[in-house]
Amino acid sequence: MKLIFAGTPDVAVPSLKSLAATGHSIEAVVTRADAPLGRKRVLTPSPVAAAAEELGLTMLKTNRLDADATETIAALQPDLGVIVAYGGIVREPLLSVPRLGWINLHFSLLPRWRGASPVQRAVIAGDADTGAAVFQLVRELDAGAIFDSFTQPLDAHATSGMLLESLSHSGAELLLRVVDDLGRGTARATEQTGEVTLAPKLTIDDAHVDWNQSAAAVYNLIRGVTPEPGAFTTVSDARLKILDVAPVVPSADRDDAHDPPIPAGHILERERTVLIGTRTTPLELRRVQPAGKTVMTAIDWWRGVAADEVVAS
């Protein structure tokens with residue numbers, strides 16, 4: 001079949017490469033325009049653009065699927081449009097341009113977590129399971145009938161970045177099966193059922209840790225916003241990025257019940273371990289990044305603080 005592939009970030013690259021290795025013809029790769037990155041704000045191609053160039057595929061770089069983009073894609077007379085995290089909305093008349101319409105690989109157990117940040121929201125919510133689905137694109141957000149899906153346990157200690165990396169590869173296999181079935185005319189889709197929950201894009205405000213929540217809720221939030229937008233707190237009016245934390249496991253060689261409780265947001269050192277209080281039990285700080293400095297271990301940061309106790313907010 002003649003395909004149009006639309007995607008932008010790293011998570012879409014395995015799907016592009018899997019499709020390129022098949023007998024299907026990728027007529028064009030649609031990806032967002034080069035964006036400034038780093039301190040020097042150097043214009044940088046998206047990961048999908050870099051992969052498409054490596055594969056020798058024709059590209060259309062655009063941040064809007066407008067009339068010009070629609071005309072360009074329509075001229076290619078595609079059989080199917082495939083989307084994996086493009087970062088834009090496909091509307092009519094483009095929605096009807098491919099003979100078989102558009103399909104989307106979405107990293108959630110639809111209809112749970114419709115929206116831009118499904119994996120992150122699942123981690124933050126403490127979901128026990130995650131997965132992916134390939135569905136028919138329709139006008140309503142992530143609401144189309146599902147061709148195929150899979151479910152897997154959500155690792156209780158993985159960050160959203162780790163889960164997306166894993167799901168990007170298993171999702172690529174799922175997507176390829178659906179594309180092949182559509183090409184053979186054997187694909188069948190089932191309407192979504194169950195409670196709809198939304199997964200709006202995360203903002204930097206979502207990543208501000210509230211230490212008055214339970215240890216489990218704080219741990220899930222930090223994992224969910226790692227690596228982006230990145231968890232942070234404020235210490236002495238300066239931002240401190242929280243890169244790695246861990247639940248505190250009771251030590252076998254001491255009676256933790258006799259340790260005084262740590263108030264929410266209070267940071268202190270016990271036995272060369274930096275702890276921070278929550279509403280319930282403390283968490284261990286492992287890696288942090290103070291404003292304007294490099295990433296460091298929490299204990300190295302603590303030694304530079306030169307205080308018996310500090311308070312984060």
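The values are calculated or read from the model by the stated rules, or taken from the named source; none is laboratory data. Predicted, not measured: the structure shown is a model, and the values here were computed from it. Virtual Cβ from ideal backbone geometry, glycine too; neighbours counted across all protein chains shown.
Structure summary
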{"item": "Answer residue from the stretch 123-171, given it is assigned to a helix (DSSP H, G or I) and either basic (Lys, Arg) or more than 12 Å from the chain's Cα centre (by Cα) (or both) and is nearest to Val218 (Cα to Cα) among those", "result": "Ala125"}
{"item": "Residue in the stretch 153-166 that is in the same structural domain as Glu92 (by the TED database), at pLDDT 95 or above, under 22 Å from Arg177 (Cα atoms) and of a type in the set (Val, Ile, Thr) present", "result": "no"}
{"item": "Pairs where the first residue, in the stretch 228-240, is over 15 Å from His266 (Cα atoms) and the second is assigned to a strand (DSSP E or B) and of a type in the set (Lys, Arg), C-beta under 8 Å, 6+ apart", "result": "Gly230/Lys241; Ala231/Lys241"}
{"item": "Residue in the stretch 184-198 that is more than 12 Å from the chain's Cα centre (by Cα), part of a loop (DSSP other than H, G, I, E, B), without any contact (Cβ under 8 Å) to a residue 12 or more places away in the chain and surrounded by fewer than 17 Cβ atoms within 10 Å (Cβ to Cβ) present", "result": "yes"}
{"item": "Scan of the stretch 78-103 for residues that are free of Cβ contacts under 8 Å to residues at least 24 places away in the same chain and within 18 Å of Arg184 (Cβ to Cβ), ordered by number", "result": "Arg99"}
{"item": "Gly101 under 19 Å from Ala143 (Cβ atoms) and in contact with a helix residue (DSSP H, G or I) (Cβ under 9 Å, 6 or more places away or on another chain)", "result": "yes"}
{"item": "Qualifying residue in the stretch 54-66 (condition: surrounded by fewer than 22 Cβ atoms within 10 Å (Cβ to Cβ), touching a helix residue (DSSP H, G or I) at 6+ places or on another chain (Cβ under 8 Å), among the small types (Gly, Ala, Ser) and assigned by the TED database to the domain that holds Phe150)", "result": "no"}
{"item": "Complete set of residues in the stretch 205-229 that are surrounded by fewer than 16 Cβ atoms within 10 Å (Cβ to Cβ) and either within 24 Å of His106 (Cβ to Cβ) or in contact with a strand residue (DSSP E or B) (Cβ under 7 Å, 6 or more places away or on another chain) (or both)", "result": "Asn212, Pro227, Glu228"}
{"item": "Boolean, Ala69 is more than 24 Å from Gly183 (Cβ to Cβ), outside any strand (DSSP E or B) and modelled with pLDDT of 95 or more", "result": "yes"}
{"item": "Residue selected from the stretch 3-41 under the condition of a type in the set (Lys, Arg) and surrounded by fewer than 13 Cβ atoms within 10 Å (Cβ to Cβ), by the criterion farthest from the chain's Cα centre (by Cα)", "result": "Lys40"}
{"item": "Members of the stretch 24-65 that are charged (D, E, K, R) and modelled with pLDDT of 95 or more", "result": "Glu27, Arg32, Glu53, Glu54, Lys61"}
{"item": "Any pair with Cβ under 7 angstrom, 6 or more apart, that starts in the stretch 39-52 at a residue that is free of Cβ contacts under 8 Å to residues at least 40 places away in the same chain and ends at one that is among the aliphatic types (A, V, I, L, M) and surrounded by fewer than 13 Cβ atoms within 10 Å (Cβ to Cβ)", "result": "Thr44/Leu37"}
{"item": "Breaking point among (1) farther than 27 Å from Ala6 by Cβ; (2) more than 20 Å from the chain's Cα centre (by Cα); (3) of a type in the set (Asp, Glu), for Asp205", "result": "(2)"}
{"item": "Condition check for Thr159: surrounded by fewer than 16 Cβ atoms within 10 Å (Cβ to Cβ) and of a type in the set (Val, Ile, Thr)", "result": "no"}
